[in-house]
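Accompanying notes for the structure given below.
Every number in this text was worked out from the coordinates using simple rules, so none of it is lab data. This structure is a prediction, so every number in the text was calculated from the model and none was measured. Counting neighbours? That spans all protein chains shown, and the Cβs are built from the backbone with ideal geometry, glycine included.
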Amino acid sequence: MADRAVALESVGQISIVVKDVERARNFYRDTLGLTFLFEFPGMAFFDCGGVRLYLAPADKPGLGTSILYYRVADIQATAAVLESRGVTFLQQPAKVHEDARHELWLAFFKDSEENTAALMSEVPPTTPR
């Protein structure tokens with residue numbers, strides 16, 4: 001894949017570190033009026049004008065308070081090109097979730113200022129459900 005074909009398409013998700021997921025879920029849903037999408041134990045997801053907000057406690061020290069997740073069409077190719085440009089990945093592209101709609105793939109890296117960022121790709125499932 002040529003370098004020019006690699007693109008960070010948009011911000012697809014922003015994680016917000018919270019202390020109490022239930023309290024934060026209620027605030028974002030009931031007080032701010034954001035559209036509640038779904039939740040898993042210890043996580044809640046909202047739509048904010050097409051950008052998904054992901055609320056969860058910090059799972060690893062040093063990740064900071066927020067992570068921008070950049071949508072990409074081909075996560076493997078994008079990661080390879082970024083690595084060729086000197087980006088070091090904390091986690092290589094990996095499938096983290098699958099449902100009837102799509103597979104969610106993520107890859108985490110640090111920017112030049114040590115902020116954690118991620119690539120995300122939602123692709124059709126490899127096996128029909």
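Listing for the model above:
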{"item": "Residue-averaged [θ]222 nm for the chain, counting only DSSP H segments that reach four residues, each worth -39500 (n - 2.57)", "result": "-3500 deg cm²/dmol"}
{"item": "Extreme residue, positive dipole direction of the stretch 59-129, given options His102, Ala117, Ala79 (C-beta unit charges)", "result": "His102"}
{"item": "Using alpha-carbon coordinates, inclination of helix 75-84 to the longest axis of the chain, degrees", "result": "60"}
{"item": "The chain - share of DSSP beta bridges that are antiparallel (%, nearest 5)", "result": "75"}
